[in-house]
1. Are there any pairs with C-beta distances below 6 angstrom linking a residue in the range 108-127 that is among the acidic types (Asp, Glu) to a residue that is in a strand (DSSP E or B), with the two at least 6 apart or on different chains, and if so which?
2. Evaluate the following for residue 447: is it closer than 18 Å to residue 344 by Cβ and touching a residue at least 40 places away in the same chain (Cβ under 8 Å)?
3. Just give me the residues in the range 371-395 being of a type in the set (A, V, I, L, M) and in contact with an Asp or Glu (Cβ under 7 Å, 6 or more places away or on another chain), in sequence order.
4. Could you list, ordered by first residue, the pairs with Cβ atoms under 8 Å in which the first is in the range 169-180 and touching a residue at least 40 places away in the same chain (Cβ under 8 Å) and under 16 Å from residue 285 (Cβ atoms) and the second is assigned to a helix (DSSP H, G or I) and among the acidic types (Asp, Glu), at least 6 apart or interchain?
5. Scan the range 60-119 for residues that are touching a helix residue (DSSP H, G or I) at 6+ places or on another chain (Cβ under 7 Å) and among the polar types (S, T, N, Q) and jot them down.
6. For the range 44-145, which strands (runs of 3 or more DSSP E) that fit wholly inside it have 2 or more residues that are farther than 30 Å from residue 319 by Cα and of a type outside the set (Ser, Thr, Tyr)?
7. Looking only at the range 77-97, decide whether some residue is surrounded by fewer than 23 Cβ atoms within 10 Å (Cβ to Cβ), small (Gly, Ala, Ser) and within 20 Å of the chain's Cα centre (by Cα).
8. Looking only at the range 146-183, count how many residues are part of a loop (DSSP other than H, G, I, E, B) and open to solvent by 60 Å² or more (accessible area, probe 1.4 Å).
Amino acid sequence: MIPDSQLAELVGRLADVRVLAVGDVMLDRFVYGAVERISPEAPVPVLRIEREQAMLGGVGNVVRNLRAQAASVCLVALLGRDEAAREIKGLLRDDVDIESHLLEEDDRPTTIKTRYIAGGQQMLRADRERAHAVATVLEEEIIARAEADLGQAQALVLSDYGKGVLTERVVRRMIAAARPSAIPVIVDPKGNDYGRYGGATLVTPNRRELTEATGLPTGSDSEVVAAAAALIERTGIEAVLVTRSQDGMTLLRSEALASPLHLPATAREVYDVSGAGDTVVATVAAALAAGIDLESACRLANAAAGIVVGKIGTATASSAELAAVFRARELETGEAKTVTLEDALTHVSAWRGKGLTVGFTNGCFDLLHPGHISLLRQSKAQCDRLIVGINSDASVRRLKGEGRPIQNDASRALVLGSLASVDLVVIFGEDTPIDVIEALRPDLLVKGADYANKEVVGADVVRAHGGRVMLAVLEDGHSTTATIARATTGR
């Protein structure tokens, strides 16, 4: 098995591929708000809408994930002639690395899925759609357009949401067209007739879909393996990757039915599973297109899924995030905790939705020493989740001089992330963390006791919304300056 450090290096190869994606495209809408009361008209919550967001869904979300990994994409899909179709075209228009071939059908409304979210959780999903198989003339157009682009692709994704684009005829023709050139075909399946996917390189059913397709139980590891083996034997599919939610994934290959690969779930906390299957499909497709072996491709996909379920909405896993997961594992941190401020806000929203308190402390943390460990332990003891802000390299140089930092910001963040007391690390480029504090609005702000007679940056912000400021007890003789001095003088 390839070690994690090598998997991190393989991530860079995903940017050099081109993937052809064919399937059902839709518009995903997200309506975010707060619930503060129950309606007097009926026993239902009242959502006070704060913001709305629209993004590509279905095969469009596969495309988004491929682009997040810097792969180039050719998309073949079908739209109605309506406002949602115009929105989808607008979302695709600005990316020059997406070549879009969007066919249209007059009597087909573009599918819209609207999700209502409060406190980091979905309250309701409303779908607007009419699913029916495309007419024969459109089948021919889809096949012709896709076959014309297949010669430039290193992998083919068939994203089947059962809306009528991937008819049996379209599926069989596309798989047949890919096989002579050994182009891997990855299918996100639908329905219970997987015979039409025969000859595909990989299908990615979830546990429920596998049960529907085989009529077999899928509760335990052994049952999942038995059902996947039955599917392979009945259909001629080369391999099955079963996504199993909190139980991770299971890969079974036709040439190794007695040797399943069980991959444990990697998510530390699950906020939203919307679109996670698309992330798996996109990552496997890009990896196989890059010539990466199937087992390693599935390990990459498993890590990518763990990233996106920790975000709200149909999210993506970037190449940087994916590589960071494996680099972090190599240092035995178990997970990548370094996030952007935007992603930190997503975590904070979900934590608060569960009634958890959020603490924040900050510093350069140039050389981690016992004083830092004590500060972080004291901080975590006073809150449910602790976020640590660290100054970027440029910020440290401005504050400490050209000889600092001793370690770059990525290394400092990685070391902090290895500590059980730290839940997230955010790197900021300013000289103070005031912007981060204003955005996060922590319930607790912690600094060392040497700030007793100084102004703690952000203290007024935290107190203004009902939070508190704590001064941690310092460890005598332990500071970064003293540590560096002892290292350089030997005393």
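1. From residues that are among the acidic types (Asp, Glu), the pairs are 127/113.
2. Here the answer is no, as residue 447 does not meet what is asked.
3. 386, 387, 390
4. Close Cβ pairs satisfying both conditions: 174/147.
5. Matches in the range 60-119: 61, 65, 69, 100, 110.
6. 45-58, 98-104, 121-128
7. no
8. Number of matching residues: 4.
The values are calculated or read from the model by the stated rules, or taken from the named source; none is laboratory data. Given the structure is predicted, the values throughout are model-derived calculations rather than measurements. Neighbour counts are summed over all protein chains in view; Cβ atoms, including those assigned to glycine, are modelled from backbone coordinates with ideal geometry. What goes into the accessible areas is simple: the full protein's heavy atoms, side chains included, and nothing from ligands, DNA or RNA. Shrake-Rupley method; radii C 1.70, N 1.55, O 1.52, S 1.80 Å.
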